[in-house]
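Peer 1: Following this message is one structure expressed as structure tokens.
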Amino acid sequence: MLTHALARLLTERTLSAEMEPILTGLLFDLVSYFADELRAPRWIRTADGVKFIEELDMVKEN
């Protein structure tokens, strides 16, 4: 149903009453996802100073 709603919105540029809650839910999910990504920690304080988490993950893999 979601792909159908998006396809109709993009092709016909119309939004029916049944599509509105579906697209509202999608927008909420997208905003929530990006807000979580922005709040995710990017660095951590270690004995050697502040390190990026990705840097520590790469060291663990090797």
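Peer 1: Consider segment 12-57. How many of its residues are within 30 Å of Leu2 (Cβ to Cβ), at pLDDT below 85 and not in a helix (DSSP H, G or I)?
Peer 2: 6
Peer 1: Here is a further query. Output the number of the condition that Lys60 fails; it satisfies all remaining conditions of (1) surrounded by 11 or more Cβ atoms within 10 Å (Cβ to Cβ); (2) in a helix (DSSP H, G or I); (3) basic (Lys, Arg).
Peer 2: Going through (1) surrounded by 11 or more Cβ atoms within 10 Å (Cβ to Cβ); (2) in a helix (DSSP H, G or I); (3) basic (Lys, Arg) one by one, Lys60 breaks only (1).
Peer 1: So in segment 5-44, with the set limited to residues that are in contact with a strand residue (DSSP E or B) (Cβ under 8 Å, 6 or more places away or on another chain) and not aliphatic (A, V, I, L, M), which one is most open to solvent (accessible area, probe 1.4 Å)?
Peer 2: Top of the filtered list is Trp43.
The values are calculated or read from the model by the stated rules, or taken from the named source; none is laboratory data. If you're wondering where the values come from, they're calculated on a predicted model, not measured in any experiment. Quick reminder, even Gly has a Cβ in these numbers, built from the backbone with ideal geometry, and neighbours come from all protein chains shown. Areas reflect the complete protein model, heavy atoms only, side chains present, ligands, DNA and RNA absent. Shrake-Rupley method; radii C 1.70, N 1.55, O 1.52, S 1.80 Å.
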